[in-house]
1. Just one of K112, K69 is farther than 24 Å from I182 by Cβ and either without any contact (Cβ under 8 Å) to a residue 60 or more places away in the chain or part of a helix (DSSP H, G or I) (or both); which is it?
2. Select, from V103, V119, the only residue that is surrounded by 13 or more Cβ atoms within 10 Å (Cβ to Cβ) and among the β-branched types (V, I, T).
3. Search segment 133-191 for residues being within 20 Å of T43 (Cβ to Cβ) and in contact with an Asp or Glu (Cβ under 8 Å, 6 or more places away or on another chain), and hand back the single one that is surrounded by the fewest Cβ atoms within 10 Å (Cβ to Cβ).
4. Restricting to segment 123-171, name every residue that is assigned to a loop (DSSP other than H, G, I, E, B) and within 17 Å of A53 (Cβ to Cβ).
5. Pull out all pairs, ordered by first then second residue, where Cβ-Cβ is under 6 Å, the residues are six or more apart or on different chains, the first lies in segment 73-102 and is closer than 17 Å to W191 by Cβ, and the second is among the aliphatic types (A, V, I, L, M) and not in a helix (DSSP H, G or I).
6. Answer yes if at least one residue in segment 104-112 is out of contact with any Pro (no Cβ under 7 Å at 6 or more places or on another chain) and either acidic (D, E) or under 30 Å from A185 (Cβ atoms) (or both), and no otherwise.
7. Test L89 against the criterion of being crowded, with 19+ Cβ neighbours inside 10 Å, more than 16 Å from F143 (Cβ to Cβ) and in contact with a strand residue (DSSP E or B) (Cβ under 9 Å, 6 or more places away or on another chain), and give yes or no.
8. Could you give every pair whose Cβ atoms fall below 9 Å, whose first residue belongs to segment 35-46 and is at positive phi, and whose second residue is among the acidic types (D, E) and surrounded by fewer than 22 Cβ atoms within 10 Å (Cβ to Cβ), counting only separations of at least 6 or pairs across chains?
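Throughout, read-outs are computed from the coordinates displayed, never taken from laboratory work. The shown structure was predicted, so the numbers you read here are calculated from the model rather than taken from an experiment. We place every Cβ from the backbone using ideal geometry, glycine too, and count neighbours over all the protein chains shown.
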Amino acid sequence: MDLTAAKALLYCALGLFVLIAWARERRKRTITGEPEKFWPGTTHAPTGAYFVAAAGAILITIAEAAVEKRTGLTDQQSVLPAIFIFQLLGASIVEEMLFRGFVAPGELFGRKLLALMIVGSLVFALVHNFDLSTPEGKVSALFAFITSLWLYVVRFNPLNPDRSLLPCFMAHTVRNLAVFGIKGAQGFISW
């Protein structure tokens, strides 16, 4: 097994561990009515929150693909091994737990929340380590920033009154799978 495969599988395992631990606390809270303990956002969200979250993630992905196509950046993408999908799945959980969970307390409102959303999204885009000296890197970083803003909106909007992380997990997973699907359709996934 090469390093890329090992990294992808480890990231997926970490995401699965986090999701299971989070789900256990959520289930316990549902049964006992206890307050939130270690894991943030262990609440329920109405069905509409999931649909809006997924729709936004898909629209952002379509917009990114359109910008890449219009600017001629599509052919400059790197080829990813198919096993990378496991890393994308793990990342959708781990990144949400970090950026929309631990770093974003559910009690924030107003200017503090807005500042967190902007600074958190900037850090989110930078953590993805896109090469900002290239046009493709700049476009990817911009859409990572936009995606992060959207994911904060998913957690902190009226459709998610209890500020559950479930719609965030789902939206990020949908986004990552859509990116993988587009890359696959364009021939940038090595099977």
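1. On inspection, the qualifying residue turns out to be K112.
2. V103
3. F169
4. Passing the criteria: F156, N157, P158, L159, N160, P161, D162, R163, S164, L165.
5. L80/I189; A82/I189
6. Checking segment 104-112: at least one residue is out of contact with any Pro (no Cβ under 7 Å at 6 or more places or on another chain) and either acidic (D, E) or under 30 Å from A185 (Cβ atoms) (or both).
7. no
8. Filtered contacts from segment 35-46: G41/D162.
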